[in-house]
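All remarks here apply to the structure that follows.
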Amino acid sequence: MSSENFSENFQFTNPPGWNMVWRMTAASSSQKDIPAGMIDLGIGQPSPWLLPTETIARAAAHCSSHPGRMLLSYGTEQGDRSFRAALSGFLEEIYAMPVEPAGLLVTNGASQAIDLICTLFSQAGDTIFVEEPTYFLARKIFADHRLKPIALPMDADGLIIDAMEEELGRSRPAFVYTIPTYHNPTSVCLSAGRREQMAELSRRYDLTVVADEVYHPLAYTSVPPPPLARYCASAKIISLGSFSKILAPGLRLGWLQAAPATIGHMVQCGLLDSGGGVNPFTSGVVRSAMELGLLNQNLALLKDTYSRRMQAMCAALRRRLPESVQFADPAGGFFIWLALAEGMDAGGLLSKAIERNVEFMPGFKFSSRQGLKNFLRLSFAYYDTPDLLEGVERLAAVIAEG
Ligand SMILES: Cc1ncc(COP(=O)(O)O)c(C=O)c1O
């Protein structure tokens with residue numbers, strides 16, 4: 001089913017001028033303001049028209065029609081029990097494996113989960129292992145906690161586990177932070193074999209591995225290997241998920257999956273003791289969205305839309321960019337990672353790009369050792385295909401000028 005048909009059936013609309021509305025409101029929120037006429041291919045968040053207002057309205061009406069007074073009280077520290085039961089059913093389908101509600105902890109989103117893990121599993125001055133490149137805003141959270149990232153190399157199969165084992169011979173990190181599936185920014189997937197190796201190292205070195213798996217459900221052209229969540233019971237893996245990527249970031253709702261003993265430790269923290277479980281009311285609404293089948297419908301719409309955009313954008317990049325620019329078509333997620341010719345500087349190119357009304361994320365932002373200068377990240381999550389194609393035209397002109 002095309003996204004257009006899908007939109008009609010589920011009354012998702014793309015109102016004329018939505019871009020303009022977003023631009024006008026963006027300045028007053030934490031969003032970056034996008035100047036009129038600019039196509040910012042660096043934005044890694046859903047188009048406003050993909051934010052499912054009607055789905056949420058239906059789910060909220062359903063949730064409110066049930067006696068749910070407790071949703072307005074402090075919630076249990078681990079997160080609402082019925083919500084976790086519904087979430088485990090959803091994850092069992094996506095992950096094709098059993099998921100116990102007892103192994104789930106409700107979070108405010110993956111960002112808060114990372115922050116909480118830093119609080120509970122590290123101390124200022126500790127080293128942690130991250131991928132090079134890694135999610136640039138996780139780098140900021142690590143900096144908030146005064147952690148020292150050691151950057152480990154990746155290749156087309158994800159984090160190079162042999163390099164990690166070698167590094168373990170030199171230092172013991174508080175934890176490893178990895179994005180195994182449809183990585184941000186490279187979109188690479190850690191191979192199934194390396195996932196096994198990762199779990200093995202976690203067991204052997206008693207090493208906490210934080211697997212940020214927020215893009216796992218957004219698979220377009222391949223089925224990813226089983227999530228690292230698979231090893232939660234047999235290794236020290238904490239797997240993160242989020243409704244930001246599959247429903248709406250404004251819900252501020254996510255989860256983490258870990259061994260019940262780890263969850264038992266986490267729920268005793270001051271934050272949950274004082275505030276209670278995270279977001280009981282929103283959990284109730286999202287539980288309704290799951291029970292009514294609305295989450296699955298939304299996910300199907302997103303996958304269809306993103307997959308079409310990704311294919312159109314990759315084809316345009318292949319047509320318009322010189323052969324010296326390399327990239328792999330992503331099989332899921334939000335991002336395309338471009339390698340410019342060695343010696344080129346994406347940061348320098350960005351100022352020229354802005355003059356031509358196109359932007360991107362320069363690679364150095366994702367580097368923990370001030371490298372990756374000739375890389376840049378594009379996203380197809382925010383704009384519809386015509387704008388993406390126009391953005392590629394502008395980018396190609398900038399790259400051609402050097
Ligand atoms: C890898 C990764 N982790 C976490 C997040 C943030 O997730 P949340 O909105 O659940 O805090 C993002 C958003 O871009 C991301 O790309």
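Which one of Leu190, Leu105 is in contact (Cβ under 8 Å) with a residue 24 or more places away in the chain, within 15 Å of the ligand (Cβ to nearest atom), outside any loop (DSSP other than H, G, I, E, B) and not basic (Lys, Arg)? Full working, then the answer.
Numbers: Leu190 fails: outside any loop (DSSP other than H, G, I, E, B).
Every option except Leu105 fails the conditions.
Quick check on Asp144: is it within 15 Å of the ligand (Cβ to nearest atom), surrounded by fewer than 18 Cβ atoms within 10 Å (Cβ to Cβ) and among the charged types (D, E, K, R)? Give the derivation first.
Working: within 15 Å of the ligand (Cβ to nearest atom): yes; surrounded by fewer than 18 Cβ atoms within 10 Å (Cβ to Cβ): yes; among the charged types (D, E, K, R): yes.
Yes, satisfied.
Filter the stretch 312-335 for residues that are surrounded by fewer than 16 Cβ atoms within 10 Å (Cβ to Cβ) and without any contact (Cβ under 8 Å) to a residue 24 or more places away in the chain; which is nearest to the ligand (Cβ to nearest atom)?
In this case the residue turns out to be Gln326.
Being among the small types (Gly, Ala, Ser) and crowded, with 23+ Cβ neighbours inside 10 Å is the filter; apply it to the stretch 75-102 and report the residue that is modelled with the lowest pLDDT.
Checked the stretch 75-102; the qualifying residue modelled with the lowest pLDDT is Gly75.
Considering each of Arg319, Arg309 in turn, give the residue that is touching a Ser or Thr at 6+ places or on another chain (Cβ under 7 Å), in a helix (DSSP H, G or I) and either hydrophobic (A, V, I, L, M, F, W, C) or not assigned by TED's automatic domain parsing to the domain that holds Val106 (or both).
Of the residues listed, the single one that is touching a Ser or Thr at 6+ places or on another chain (Cβ under 7 Å), in a helix (DSSP H, G or I) and either hydrophobic (A, V, I, L, M, F, W, C) or not assigned by TED's automatic domain parsing to the domain that holds Val106 (or both) is Arg309.
For the stretch 214-228, which residues satisfy the criterion of being over 20 Å from Arg204 (Cβ atoms) and either within 15 Å of the ligand (Cβ to nearest atom) or touching a Gly at 6+ places or on another chain (Cβ under 9 Å) (or both)?
Val214, Tyr215, His216, Pro217, Leu218, Ala219, Tyr220, Thr221, Ser222, Pro224, Pro225, Pro227
Here are some residues: Leu388, Leu376, Leu349. Which one is in a strand (DSSP E or B), in contact with a helix residue (DSSP H, G or I) (Cβ under 8 Å, 6 or more places away or on another chain) and not acidic (Asp, Glu)?
On the way: Leu388 fails: in a strand (DSSP E or B); Leu349 fails: in a strand (DSSP E or B).
Sole residue among the options that is in a strand (DSSP E or B), in contact with a helix residue (DSSP H, G or I) (Cβ under 8 Å, 6 or more places away or on another chain) and not acidic (Asp, Glu): Leu376.
Given the structure, is Gly79 within 16 Å of the ligand (Cβ to nearest atom), assigned to a loop (DSSP other than H, G, I, E, B) and under 30 Å from Ala261 (Cα atoms)?
yes
Yes or no: Gly125 more than 30 Å from Tyr383 (Cβ to Cβ), surrounded by fewer than 20 Cβ atoms within 10 Å (Cβ to Cβ) and out of contact with any helix residue (DSSP H, G or I) (no Cβ under 9 Å at 6 or more places or on another chain)? Walk me through it before giving the result.
Working: more than 30 Å from Tyr383 (Cβ to Cβ): yes; surrounded by fewer than 20 Cβ atoms within 10 Å (Cβ to Cβ): yes; out of contact with any helix residue (DSSP H, G or I) (no Cβ under 9 Å at 6 or more places or on another chain): yes.
Yes, satisfied.
For the stretch 108-141, give me the residue count where each residue is among the charged types (D, E, K, R) and either within 12 Å of the ligand (Cβ to nearest atom) or not assigned by TED's automatic domain parsing to the domain that holds Gly264 (or both).
Qualifying residue count, the stretch 108-141: 4.
For the stretch 159-188, which residues satisfy the criterion of being out of contact with any helix residue (DSSP H, G or I) (no Cβ under 6 Å at 6 or more places or on another chain) and closer than 26 Å to Leu340 by Cα?
Answer for the stretch 159-188, where residues must be out of contact with any helix residue (DSSP H, G or I) (no Cβ under 6 Å at 6 or more places or on another chain) and closer than 26 Å to Leu340 by Cα: Leu159, Ile160, Ala163, Thr178, Ile179, Thr181, Tyr182, His183, Asn184, Thr186, Ser187, Val188.
Quick one: Ala233 ticks every box in (1) within 16 Å of the ligand (Cβ to nearest atom); (2) touching a residue at least 40 places away in the same chain (Cβ under 8 Å); (3) within 27 Å of Met198 (Cα to Cα) bar one, so which box is it?
Condition not satisfied by Ala233: (1).
Within the stretch 159-174, can you find the residues that are within 10 Å of Leu207 (Cβ to Cβ) and either out of contact with any strand residue (DSSP E or B) (no Cβ under 7 Å at 6 or more places or on another chain) or not in a helix (DSSP H, G or I) (or both)? Write out each step before concluding.
Kept after step one, since they are within 10 Å of Leu207 (Cβ to Cβ), are these residues of the stretch 159-174: 164, 168, 172-174.
Within the stretch 159-174, Leu168, Arg172, Pro173, Ala174 qualify.
Can you tell me which of Thr186, Thr208, Thr221 is in contact with an Asp or Glu (Cβ under 8 Å, 6 or more places away or on another chain) and either over 18 Å from Ala96 (Cβ atoms) or not assigned by TED's automatic domain parsing to the domain that holds Met310 (or both)? If you could, list the steps in order and put the result at the bottom.
On the way: Thr186 fails: in contact with an Asp or Glu (Cβ under 8 Å, 6 or more places away or on another chain); Thr208 fails: in contact with an Asp or Glu (Cβ under 8 Å, 6 or more places away or on another chain).
None of the others qualify; the one that does is Thr221.
If Tyr177 meets every condition in (1) part of a loop (DSSP other than H, G, I, E, B); (2) within 13 Å of the ligand (Cβ to nearest atom); (3) under 15 Å from Ile237 (Cβ atoms) apart from one, which number is that one?
Exception for Tyr177: condition (1).
Can you go through Ser65, Ser88 and tell me which one is within 21 Å of the chain's Cα centre (by Cα), more than 16 Å from the ligand (Cβ to nearest atom) and either more than 27 Å from Ile161 (Cβ to Cβ) or without any contact (Cβ under 8 Å) to a residue 60 or more places away in the chain (or both)?
Ser88
Here is a check on your reading of the model: is Gly276 modelled with pLDDT under 95 and surrounded by fewer than 22 Cβ atoms within 10 Å (Cβ to Cβ)? Show your work before the answer.
Working: modelled with pLDDT under 95: yes; surrounded by fewer than 22 Cβ atoms within 10 Å (Cβ to Cβ): yes.
It is true that Gly276 is modelled with pLDDT under 95 and surrounded by fewer than 22 Cβ atoms within 10 Å (Cβ to Cβ).
The values are calculated or read from the model by the stated rules, or taken from the named source; none is laboratory data. Note that the structure is a prediction, hence the values are computed from the model and not measured. Ideal geometry is used to build each Cβ from the backbone, glycine not excepted, and the neighbour counts take in all protein chains shown.
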